[in-house]
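One structure below.
The values are calculated or read from the model by the stated rules, or taken from the named source; none is laboratory data. Being a predicted model, the structure only gives us computed values, none of them experimental. Glycine also receives a Cβ, built like all others from the backbone with ideal geometry; neighbour counts cover every protein chain displayed.
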Amino acid sequence: MGRIPKIFVFDRSAILATNVHFWQAIAESGQCLIPQLILDEINQAADQVSVHSVRSQNSALEFVRYLPNSPWQVTDQIKTHPSLVSRDQSLSRAARLSTITAQYAYGVAEACPEHLTILVTNDQQLIRRINQLQLDYLCGITAIAAREWAFSHKPPSGLGRAEANFKLGQKLLKHGFRSITYRDHPNWHSTFANLIGVLGIVLLGGLVGLVVWQETQPQEFEKFRRQYNLPSLPKNR
C-alpha cells in the first residue's frame, strides 16, 4: 500500500493555536476540513474584542481571510455514536462543543472509510474519546504534533499505530472482510457470552439425547458409538 490518503478535521483550539504557515503546510499532507459549527465559532472569535484574547482574535481573523481561497473545505458531515453522546444536561458550552466536534470527525470517517481521518485538537480528553472508538480509520492528534509533522514531514510517533491499523483494515476490506469495530458489534462482550450460553445448551441437549438413546436402543447406540469411535457413556446402575 502506498501513501495513506488522509483527511484532517480541525477543532476550534487547533485553529486558534496555529497560523497560516501551518494551514498551508498541513494541506500538502491531506484534505483539510473544518466543521461548519467550528467555522461559526472562529467567525465569532474574529468579531470579539478582548485584551485577554488578542492572540486568539488575530488567529481567527487570519483564518477567516485564508479560508476562501485555500484548498480547505467546510464540512457539515456529522454522525452520532453511542460513545459520543452525553445525557448530562449540565454540560458546559465547551464540553458540548467538544462532543459535537467528535461527532463531526466520526461522521467524516464513516463517510470516507478509505481515508485515515485525523482529528486535530489540543483537547486531550477529546483525543482519548476518539481513540477509544477503536476505528482503524479514525484517530486524534494534538495541534503541536500536527505542526511538527507539517514542517518536518515526519509523522508523529503516536500516529504509527493508527497508520498500521488503517493498512490492516484496508487489507481486510480488500479481501472481503470487515474490520471488527464498535460499529459492527455494539455489545460484543454480551454477544460472546450469549453465544457461549447457547453452545452450552446445545451440547448439554446432545449429551442428554445420547444417554436417552443408549437407554432405549442400546444395540443401535453401540453400533453408532463404535462406528465413530466415541467413548462409552456411563450407564445407570
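Within the range 117-151, the set of residues being crowded, with 19+ Cβ neighbours inside 10 Å and among the charged types (D, E, K, R) comprises Asp123, Arg129, Asp136, Arg147. Scanning the range 112-157 for residues that are in contact with a Leu (Cβ under 9 Å, 6 or more places away or on another chain), in contact (Cβ under 8 Å) with a residue 60 or more places away in the chain and β-branched (Val, Ile, Thr) turns up Thr117, Ile118.
In this structure, is Ser92 farther than 23 Å from Cys139 by Cβ, touching a residue at least 12 places away in the same chain (Cβ under 8 Å) and of a type in the set (S, T, N, Q)? Considered against the rule, which asks whether it is farther than 23 Å from Cys139 by Cβ, touching a residue at least 12 places away in the same chain (Cβ under 8 Å) and of a type in the set (S, T, N, Q), Ser92 comes out as no. For Ala162, are the conditions met, namely being in contact with a strand residue (DSSP E or B) (Cβ under 6 Å, 6 or more places away or on another chain) and either in a loop (DSSP other than H, G, I, E, B) or at pLDDT below 70 (or both)? It is true that Ala162 is in contact with a strand residue (DSSP E or B) (Cβ under 6 Å, 6 or more places away or on another chain) and either in a loop (DSSP other than H, G, I, E, B) or at pLDDT below 70 (or both). Those residues that are of a type outside the set (Ser, Thr, Tyr) and touching a helix residue (DSSP H, G or I) at 6+ places or on another chain (Cβ under 8 Å), I need them from the range 89-112; list them, please. Matches in the range 89-112: Leu91, Leu97, Ile100, Ala102, Gln103, Ala105.
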